[in-house]
Amino acid sequence: MSRTQNSFTAGHYAPRAQAYVDSRDHSQGADLDEMEDHIRGAGLGRVLDLGCGGGHVSYRAAPHAGSVVACDVTPAMLDAVARTAAERGLANVETRQAAAEALPFDADAFDAVLCRFTAHHWSDVEAGLREARRVLKPGGLAVFMDVVAPPDRAADTHLQAVELLRDASHVRDYAVAEWLAMLSRAGFAVERATRRKLRMVFPTWIARTSVPPATAAAIRALQDGASAAVRAHFAIQADGSFDLDTATMVARAG
């Protein structure tokens, strides 16, 4: 199942690689700023950008590390990241194709593992977190950033439904409590978890994944038919724009 899901995800994102490099939603944010604050001046050698997507973590991390390995299942993403890093003069960024659940690196190979907006695509998130811990040196820094599910079950169901309609490779957004438990089981000691809201402008959000008009209409129908409580939680606007819950979890390898 893992190999099938990873192949599906890679095929789904291949034609969208440049859109994620160009995405303003992905290239900026308080979570990226927080991540950079944690690695600035830390004297990091080798850093892993796990599930690099458009490479925005790699671009931020490169000035603060000896080398950065941008790792993803999608070859087209890696090509776009390599090209963009070269254009920006970031000679210490290299790319590697691999799934989070089966990383081709030795144990204790990295001083830091950084992971942003990718775990919700993994078929086996706990296996991916165990691999992240395996390749991280004892005491090494790990920063996981992702969309998270709200604790309210109705809001959670709404989120998973619109995410899947918008992106067929979506697996699950996990609640912060689930994240903390999974990280602990994988061998991480979580130091802090910062929750944020991320505004999604509906036309931009659906354009990035080339959502067909009929599917976009289905998402809008779900939004329009949602309860007042769900609509309030996501701050759904008349044009479909809404807020996502996100979290940044800073941890150390135990």
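Restricting attention to segment 60-80, which residues are in contact with an Asp or Glu (Cβ under 9 Å, 6 or more places away or on another chain), more than 20 Å from residue 8 (Cα to Cα), open to solvent by less than 50 Å² (accessible area, probe 1.4 Å) and assigned to a helix (DSSP H, G or I)? 61, 64 - these are the residues of segment 60-80 that are in contact with an Asp or Glu (Cβ under 9 Å, 6 or more places away or on another chain), more than 20 Å from residue 8 (Cα to Cα), open to solvent by less than 50 Å² (accessible area, probe 1.4 Å) and assigned to a helix (DSSP H, G or I). Checking each residue in segment 82-110 for being surrounded by 22 or more Cβ atoms within 10 Å (Cβ to Cβ) and within 17 Å of residue 35 (Cβ to Cβ) picks out 93, 110.
Applying the selection to segment 174-186, what residues are touching a residue at least 60 places away in the same chain (Cβ under 8 Å) and open to solvent by less than 30 Å² (accessible area, probe 1.4 Å)?
Initially, segment 174-186 is screened for residues touching a residue at least 60 places away in the same chain (Cβ under 8 Å), giving 176, 179-180, 183, 186.
Across segment 174-186, the qualifying residues are 176, 179, 183, 186.
Of all residues in segment 122-145, count the ones that are open to solvent by less than 20 Å² (accessible area, probe 1.4 Å) and closer than 18 Å to residue 6 by Cα. It would help to see each step written out before you state the result.
Restricting attention to segment 122-145, the residues satisfying the condition of being open to solvent by less than 20 Å² (accessible area, probe 1.4 Å) are 122, 125, 127-129, 132, 135-136, 140-145.
With closer than 18 Å to residue 6 by Cα added as a condition, the list becomes 122, 125, 127-129, 132.
Of the residues in that region, 6 qualify.
Among 215, 204, which is on the phi < 0 side of the Ramachandran plot, surrounded by 14 or more Cβ atoms within 10 Å (Cβ to Cβ), assigned to a helix (DSSP H, G or I) and β-branched (Val, Ile, Thr)? Lay out the reasoning, then the answer.
Working: 204 fails: surrounded by 14 or more Cβ atoms within 10 Å (Cβ to Cβ).
Matching residue, one of 215, 204: 215.
Please indicate, with yes or no, whether at least one residue in segment 151-161 is touching a residue at least 60 places away in the same chain (Cβ under 8 Å), closer than 30 Å to residue 39 by Cα and either in contact with a helix residue (DSSP H, G or I) (Cβ under 6 Å, 6 or more places away or on another chain) or small (Gly, Ala, Ser) (or both). Spell out the reasoning first.
First, pick out the residues of segment 151-161 that are touching a residue at least 60 places away in the same chain (Cβ under 8 Å): 152, 154-155, 158-159, 161.
Filter once more, keeping what is closer than 30 Å to residue 39 by Cα: none.
Checked against the condition, which is being touching a residue at least 60 places away in the same chain (Cβ under 8 Å), closer than 30 Å to residue 39 by Cα and either in contact with a helix residue (DSSP H, G or I) (Cβ under 6 Å, 6 or more places away or on another chain) or small (Gly, Ala, Ser) (or both), segment 151-161 yields no hits at all.
Which residues, taken from segment 216-254, are among the hydroxyl-bearing types (Ser, Thr, Tyr) and more than 15 Å from residue 157 (Cβ to Cβ)?
Matches in segment 216-254: 241, 246, 248.
The values are calculated or read from the model by the stated rules, or taken from the named source; none is laboratory data. Note that this is a predicted model, so its numbers are computed, not measured. Reconstructed Cβ throughout: ideal geometry from the backbone, glycine too, with neighbour counts over all protein chains shown. Accessible surface is based on the protein model in full, side chains and every heavy atom, while ligands, DNA and RNA are left aside. Shrake-Rupley method; radii C 1.70, N 1.55, O 1.52, S 1.80 Å.
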